[in-house]
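Reviewing the structure listed below.
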Amino acid sequence: MERIVSHIEYLLDHHECVIIPGFGAFIKRYEPAKIDTSRNVITAPRHSISFNSALKHDDGLLASSYARSIEIPYTTANATLAEDIAILKSQLSNNGETSIGKIGTLNSNRDGLLTFDPTDSTYVNSGLRDIKTNIGGTDDREDKVKISEPPRQYDRAIHRLMRYAAMLVILLGVGIVLSTPLATPGRETIVKASVCPIDTEGPKADMTEEIHPDLLISAPRVEEAEPETPSDKYCLVIASLANIEQAHQFMAQAGDDAIGMFENNGRYRVYARTGASVADVADAGLEEKYPGAWPCAMTTE
């Protein structure tokens, strides 16, 4: 029991959803900092945890965590995970509740419906704490902060000044560009930009070297070949993994069963068969060998 709880806690630190196959899913939602005027408190940003018993489809995330930490094949990790889930269900059935570490407590009623009580309704707050304020009150304690809006008239003056400064910089830049002549081959005199009149009738500069402009030719851009897309429309997915390294590791362990993979909605799916229809990819042997295998359309949307 402690093993599956430790994996759930670790995965919730790095993912927004952790699915327990055939049981349910813990979902993490971000809550930004906000001002609670009823309690005179500025709440720190945090994550709230909820439980959804309808999300039961195995996405391979929890089993992959088992395989990495225990250093066992994916199929063995799946079997170990199934044993831990059975223990979790048994505790709920016998005791009516079970603790999920620092996350909260799962409860089961007589009808088998599951409810979840999070620990203090929060899970992660980045080490920040709530701040007491004197909004709506006159408390002068040192740990309270008075919040007031900056004067709007001052903001408008600063904005107007910055706009004028930007316009002045643009005008100066345009003036410098327009007043600077371009050097051309064959001219013996270069007249430089100046704010004062200069004598152009004096001795002329000796221009003995010709100016040869460099001609830069860039190599034509070679378009990278896009990966080929299988001609079949459907495939039998045997695993859905969080990253490409996990996908390659699973394919190496699966051997001849894994014939390819593709990325879909941030998940890397390994498939064993392809075909033009769902019926073409059905394989009772593979579905029995890889519990949770399912037909899937070959799309990358």
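The values are calculated or read from the model by the stated rules, or taken from the named source; none is laboratory data. Quantities reported herein were computed from a predicted structural model and do not represent experimental measurements. Just so you know, the surface numbers come from the protein's heavy atoms only, side chains and all, with ligands and any DNA or RNA stripped out. Shrake-Rupley method; radii C 1.70, N 1.55, O 1.52, S 1.80 Å.
For the range 1-125, the alpha carbon positions stretch 53, 36, 23 Å along the principal axes, listed from largest to smallest. Taking all protein chains together and rolling a 1.4 Å probe, H57 ends up with roughly 100 Å² accessible. A straight line joining the Cα centroids of the range 1-47 and the range 245-271 runs 29 Å.
Per residue, the accessible area of the range 60-117 comes to 51 Å², computed with a 1.4 Å probe over protein heavy atoms only.
In the range 53-93, one over the average inverse separation of all distinct C-alpha pairs is 10.9 Å, which is the Kirkwood hydrodynamic radius. Ignoring ligands, DNA and RNA, what percent of the 1.4 Å accessible area of the range 25-91 is carbon and sulfur? Within the range 25-91, the accessible surface is 55 percent carbon and sulfur.
Pairs over the 31 Å Cα-Cα cut-off, from the set K34/K102; K34/K89; K56/K289; K89/K233; K28/K233; K89/K132: K34/K89; K89/K233; K28/K233; K89/K132. I85 contributes about 10 Å² of solvent-accessible surface, heavy atoms of the protein only, 1.4 Å probe.
Gyration tensor analysis over the Cα atoms of the range 247-301 returns equivalent ellipsoid semi-axes of 17, 16, 9 Å (largest first, whole Å).
In this structure the amide hydrogen of E97, modeled in the peptide plane, comes within under 5 Å of the amide hydrogens of S108, none closer than 5 places in sequence on its chain.
Ligands, DNA and RNA excluded, the heavy atoms of K56 present near 100 Å² of accessible surface to a 1.4 Å solvent probe. For the range 63-117, the share of alpha carbon pairs falling in successive 5 Å distance bins from zero is 4, 20, 20, 17, 16, 14, 7, 1 percent.
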